[in-house]
Amino acid sequence: MKNWMRANKGFVLFLMLFGIFRTAVADWNPIPSASMHPNLLEGDVVFVNRLAYNVKLPLTDIVLGQTGEPQRGDIVTFSSPRDGTRLIKRLIALPGDRVEMRNEQLIINGQLAAYDGVVRSAETIRGVGQLTALQVGETLAGSRPHTIQLMPQVQARRDMAPIVIPAGQYMMLGDNRDNSADSRYIGTVPRALLIGRAERVLASADIEGNWLPRTERFGMSLYPAH
């Protein structure tokens, strides 16, 4: 083993540096579920900027310094405060925000989010079948518009009593509002558990179908201009 290490020390160093780069600077994140439909699809691989918010000690959640402030509307990867699972959701509310939800509609600091442009679609859920889905434009105060998806036939948590987001914590919701285990279920997310800001789709394949690449999604920004 020692001889192999000596003979391949350049390769070993490369692997170590690459590991540090992935855990401290930039990373990629495969999308395993439907919780961010219609904006992220199973089989997408997204680029994550790990320096968007914090500099962390590699392989830990120890924050060495802050590099930027999370913004409402960011798509964020983070460790679940419940069990440590890596998740990806949209940042909906900031520390100090007062948030409530009434019949799927968000009210932040007394201001109702704007909703428009309902488009009917279909969503297939394993074990349930094909359901009607409604894709709706949502605009939160101080953020760019994005599209969310609602499924009226699914039992979901569509109402939320008013809460004030604690200092140093954030509320995350999936864009597929009726099929997402997010802050309505796992609670708010401490800043130290934020991993990074998802920026764009690096590559994509139809893993639910024929596994063919979806080349039209390659390089797609997650924050398109409207």
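The values are calculated or read from the model by the stated rules, or taken from the named source; none is laboratory data. Note that this is a predicted model, so its numbers are computed, not measured. Positions of Cβ are generated from backbone atoms using ideal geometry, with glycine treated the same way; all protein chains shown enter the neighbour counts.
With the requirement that a residue be closer than 18 Å to R158 by Cβ and assigned to a loop (DSSP other than H, G, I, E, B), what does segment 91-109 give you?
Start the filter on segment 91-109 by keeping residues that are closer than 18 Å to R158 by Cβ, which leaves 92-93, 99-108.
Within segment 91-109, N103, E104 meet the criteria.
Just to check your reading of the model, which residue among R98, R82 is in contact with a Pro (Cβ under 7 Å, 6 or more places away or on another chain), surrounded by fewer than 19 Cβ atoms within 10 Å (Cβ to Cβ) and not hydrophobic (A, V, I, L, M, F, W, C)? Let's see the steps before the verdict.
Values: R82 fails: in contact with a Pro (Cβ under 7 Å, 6 or more places away or on another chain).
So the residue among R98, R82 that is in contact with a Pro (Cβ under 7 Å, 6 or more places away or on another chain), surrounded by fewer than 19 Cβ atoms within 10 Å (Cβ to Cβ) and not hydrophobic (A, V, I, L, M, F, W, C) is R98.
So the check is Cβ under 9 Å with 6+ separation or different chains; which pairs have a first residue in segment 199-225 that's farther than 18 Å from H146 by Cβ and a second one that's polar (S, T, N, Q) and buried (at least 17 other Cβ atoms within 10 Å of the Cβ)?
As it stands, the answer is P213/S204; R214/S204; T215/S204; E216/S204; F218/S204, since those pairs meet every condition given.
Considering only residues of segment 128-140 that are small (G, A, S) and surrounded by 15 or more Cβ atoms within 10 Å (Cβ to Cβ), which is farthest from I108 (Cα to Cα)?
So the residue we want is A133.
Anything in segment 110-164 that is in a loop (DSSP other than H, G, I, E, B) and small (G, A, S)? List them, or say none.
At the first step, the residues of segment 110-164 found to be in a loop (DSSP other than H, G, I, E, B) are 110, 113, 126-128, 140-145, 151-159.
Once the filter is applied, which keeps residues that are in a loop (DSSP other than H, G, I, E, B) and small (G, A, S), segment 110-164 yields G110, A113, G127, A141, G142, S143, A156.
I need the full set of residues from segment 105-154 which are of a type in the set (S, T, Y), within 18 Å of I92 (Cβ to Cβ) and touching a residue at least 60 places away in the same chain (Cβ under 8 Å), in order please. Steps first, answer last, please.
Residues of segment 105-154 of a type in the set (S, T, Y): 115, 121, 124, 132, 139, 143, 147.
Restricting the remaining residues to those that are within 18 Å of I92 (Cβ to Cβ) gives 115, 139, 143, 147.
Residues satisfying the conditions are S143, T147.
May I ask you to list the residues in segment 40-76 that are surrounded by fewer than 21 Cβ atoms within 10 Å (Cβ to Cβ), of a type in the set (D, E, K, R) and farther than 24 Å from I108 by Cα?
Result: E42, K56, D61.
Of all residues being small (G, A, S) and either out of contact with any Lys or Arg (no Cβ under 8 Å at 6 or more places or on another chain) or not in a loop (DSSP other than H, G, I, E, B) (or both) in segment 64-78, which is modelled with the highest pLDDT? Just the residue, please. Show your work before the answer.
From segment 64-78, those small (G, A, S) are 65, 68, 73; that's our starting set.
Going one step further and asking which of them are either out of contact with any Lys or Arg (no Cβ under 8 Å at 6 or more places or on another chain) or not in a loop (DSSP other than H, G, I, E, B) (or both), we end up with 65, 68.
Values: G65: 91, G68: 96.
This residue is G68.
For segment 141-165, what are the residues that are loosely packed, with under 13 Cβ neighbours inside 10 Å and over 21 Å from R184 (Cβ atoms)?
Within segment 141-165, just G142 meets the criteria.
Within segment 115-127, can you find the residues that are of a type in the set (D, E) and surrounded by fewer than 15 Cβ atoms within 10 Å (Cβ to Cβ)? Spell out how you get there, then give the answer.
Within segment 115-127, the first condition is being of a type in the set (D, E), and the residues that meet it are 116, 123.
Selection gives D116 alone.
I'd like to check something: does segment 173-180 contain any residue that is surrounded by fewer than 15 Cβ atoms within 10 Å (Cβ to Cβ), among the small types (G, A, S) and closer than 24 Å to I107 by Cα?
Filtering segment 173-180 down to residues surrounded by fewer than 15 Cβ atoms within 10 Å (Cβ to Cβ) leaves none.
Within segment 173-180, none of the residues are surrounded by fewer than 15 Cβ atoms within 10 Å (Cβ to Cβ), among the small types (G, A, S) and closer than 24 Å to I107 by Cα.
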